[in-house]
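Worksheet: one structure, shown below.
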Amino acid sequence: MDPERERTWTQRLKRACQRVNEKFAQVSNLEGRIHEKFTQSSRIKPVVTLILAILFFVAVAFFHGFVHVWVDEWYHQHLGHTEPQLEEDLIVPTTIHHQVSSGGGYVTIWEPVTTRRAPDKGWLVLENPYYQLKINLDHSYYLIYDKLKARDILVYNDTVKNELDMLTGCDLGFGDHDGDNPIPYASTALYDRDGISYEILYEDSARGFVLINTAGWDTTQTEAAKGYDVEAEVAFGIFADQPYFINAVELSNLQRMGCAYQTPYKDPDEIVHSWVLVDEYRTTCMKGGDNTHGDLWGPPLLYNLTSITRTERKPWHVGSAAFSPMFPTHILLGDKMAGGVIFSLPEGPFRFDEGLGVYGDQIVGEFIINVDAPQKAIAFTVNPVNELLFFYDLREFNSVNEYPALMEETCNRYGLVYPNGTLDAHNWRTKRYAYVITLVDSWYDAAGDAVTGAAWARADQGIADFYHYQERIGVELERTKPLACL
């Protein structure tokens with residue numbers, strides 16, 4: 001077959017497999033509706049209804065037990081990657097820099113290894129029995145490799161020329177909504193010119209825990225008018241015998257700290273932290289948080305297992321009336337047949353700093369976003385800064401009648417002093433937030449169409465382990481200074 005025709009045929013088959021998977025994923029929701037119809041008709045034609053019901057549920061079992069599994073396995077085996085990985089992109093560490101063993105597990109920190117995508121400082125690889133974190137020291141982003149599933153679960157794709165369409169695993173982005181900055185949106189994965197440094201901050205050998213810090217996540221440019229005056233450090237807490245890790249971030253506003261000149265358009269209106277996940281993770285469920293508050297501004301929190309469709313760019317977001325104490329504790333993104341990942345936001349100072357009063361939000365927004373180009377993917381995105389969210393949104397405050405009253409009600413609900421207006425999204429010196437990221441395998445309970453109790457329990461244990469080290473992580477982040485201020 002002609003190579004171009006074969007490529008076109010493969011792409012069509014891939015799209016068909018995706019549609020089949022999405023339809024099969026919805027069968028469990030369809031069962032409840034059809035069961036209700038059977039119940040209604042059984043009163044009129046009980047024998048016929050019984051025969052149809054048996055045939056239907058046998059067919060459903062066949063689809064779930066054979067067809068769905070076969071299509072899913074075939075799809076992942078033959079069409080899981082759009083492009084073969086180049087040999088010069090393979091990350092193969094060979095020399096151990098540091099290792100800790102505990103409880104039958106281990107944490108290995110490898111000496112950095114260079115590739116085409118990280119030719120200078122190379123990749124820092126952190127590993128335990130469940131996963132590898134591969135951190136690009138040249139360009140400030142990282143990837144996650146699931147060792148149990150033998151697959152990368154964060155997407156990197158630089159095959160397109162348009163930088164806005166590149167997919168960059170997990171990175172940080174800075175934006176200027178007014179468009180005065182020559183680079184209106186800058187990603188650390190693309191615009192960090194000097195890369196990042198790393199060090200081991202803390203080790204608890206008895207519990208098998210290591211805290212590694214990476215400093216210098218920024219978009220500093222050689223041209224003075226470009227880039228943003230914000231620098232981040234990201235600390236990774238690795239456990240020797242658990243499938244989760246801590247991702248703790250400190251953001252420093254260099255202008256507010258006196259380390260950069262006052263240049264309004266280089267003080268970002270929005271800061272984005274995204275994890276771009278493989279497209280198969282198209283089911284979501286949430287747990288925890290305050291969902292009793294009246295939400296007049298967006299879709300309800302998805303506490304039931306829900307398939308993510310492509311009908312809108314943001315299938316879920318916390319809404320314009322978001323406030324971090326309301327946020328869900330756990331957000332799962334997964335494939336019923338092939339694992340998933342849970343993002344957990346702990347309570348306490350890494351969610352909301354009470355000492356800052358109404359400015360205490362460390363995260364002002366969370367989103368699930370559909371990605372279509374250069375390949376289909378799902379992004380879980382958080383906003384440490386965004387002038388268009390709740391306490392900061394001047395336009396909504398002045399144009400929507402209920403907005404000021406809802407803001408005042410929220411302040412009263414959480415014991416804050418109502419500011420009688422919106423806040424300045426640039427008025428911050430440092431922000432510190434953290435997520436516990438848990439890889440889960442067989443998380444789907446088909447009988448209950450729900451996340452298994454064991455999966456949620458594992459995520460809860462990750463939060464508990466975070467609390468054990470929370471103070472230490474906070475001290476270490478506060479102790480280290482931005483590289484731009486040294």
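Numbers for the structure displayed
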{"read-out": "Residues of segment 423-441 that turn out to be within 21 Å of the chain's Cα centre (by Cα) and either free of Cβ contacts under 8 Å to residues at least 60 places away in the same chain or not in a loop (DSSP other than H, G, I, E, B) (or both), as a count", "value": "10"}
{"read-out": "Cβ-Cβ under 6 Å pairs, at least 6 apart or on other chains, segment 382-397 side at positive phi, far side among the β-branched types (Val, Ile, Thr)", "value": "none"}
{"read-out": "Failed item, numbered, when PRO184 is tested on (1) farther than 29 Å from ASP89 by Cβ; (2) out of contact with any Asp or Glu (no Cβ under 6 Å at 6 or more places or on another chain)", "value": "(2)"}
{"read-out": "Residues located in segment 474-486, provided they are in a helix (DSSP H, G or I) and exposed (fewer than 14 other Cβ atoms within 10 Å of the Cβ)", "value": "VAL475, GLU478, ARG479, CYS485"}
{"read-out": "Strands (runs of 3 or more DSSP E) contained in segment 146-257 and holding at least 1 residues within 17 Å of the chain's Cα centre (by Cα) and under 30 Å from SER101 (Cα atoms)", "value": "170-175, 230-239, 244-253"}
{"read-out": "Criterion: touching a Gly at 6+ places or on another chain (Cβ under 8 Å), among the aliphatic types (A, V, I, L, M) and under 29 Å from THR306 (Cα atoms) - qualifying residue of LEU439, LEU345", "value": "LEU439"}
{"read-out": "Test: residue in segment 371-382 that is in a loop (DSSP other than H, G, I, E, B), among the small types (Gly, Ala, Ser) and touching a Lys or Arg at 6+ places or on another chain (Cβ under 9 Å)", "value": "no"}
{"read-out": "Test: ARG472 is charged (D, E, K, R) and either out of contact with any strand residue (DSSP E or B) (no Cβ under 8 Å at 6 or more places or on another chain) or farther than 26 Å from LEU277 by Cβ (or both)", "value": "yes"}
{"read-out": "Segment 398-422: number of residues that are surrounded by 14 or more Cβ atoms within 10 Å (Cβ to Cβ), touching a residue at least 60 places away in the same chain (Cβ under 8 Å) and part of a loop (DSSP other than H, G, I, E, B)", "value": "2"}
{"read-out": "Matching entry among TYR106, TYR75 (being aromatic (Phe, Trp, Tyr), modelled with pLDDT of 70 or more and closer than 28 Å to TYR281 by Cβ)", "value": "TYR106"}
{"read-out": "Top-ranked residue of segment 444-473 - restricted to ones that are of a type in the set (A, V, I, L, M, F, W, C) and not in a helix (DSSP H, G or I), ranked as surrounded by the most Cβ atoms within 10 Å (Cβ to Cβ)", "value": "VAL451"}
{"read-out": "Subset tally (residues that are surrounded by fewer than 23 Cβ atoms within 10 Å (Cβ to Cβ) and either among the hydroxyl-bearing types (Ser, Thr, Tyr) or not assigned by TED's automatic domain parsing to the domain that holds ARG472 (or both)) for segment 431-443", "value": "1"}
{"read-out": "Yes/no for PHE380 being of a type in the set (Phe, Trp, Tyr), out of contact with any His (no Cβ under 8 Å at 6 or more places or on another chain) and closer than 24 Å to THR306 by Cα", "value": "yes"}
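Listed here are the residues, each with its yes/no results for (1) among the aliphatic types (A, V, I, L, M); (2) closer than 29 Å to LYS336 by Cβ; (3) not assigned by TED's automatic domain parsing to the domain that holds ALA454.
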{"position": "LEU201", "(1), (2), (3)": "yes, no, no"}
{"position": "THR222", "(1), (2), (3)": "no, no, no"}
{"position": "GLY227", "(1), (2), (3)": "no, no, no"}
{"position": "ASP279", "(1), (2), (3)": "no, yes, no"}
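Listed here are the residues, each with its yes/no results for (1) of a type in the set (A, V, I, L, M, F, W, C); (2) at negative phi.
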| site | (1), (2) |
| --- | --- |
| PRO315 | no, yes |
| PHE327 | yes, yes |
| GLY339 | no, no |
| LEU345 | yes, yes |
| GLY365 | no, yes |
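The values are calculated or read from the model by the stated rules, or taken from the named source; none is laboratory data. This is a predicted model, so every value here is computed, not measured. Because the Cβ atoms are built from the backbone with ideal geometry, glycine has one as well, and the counts that use them run over all protein chains shown.
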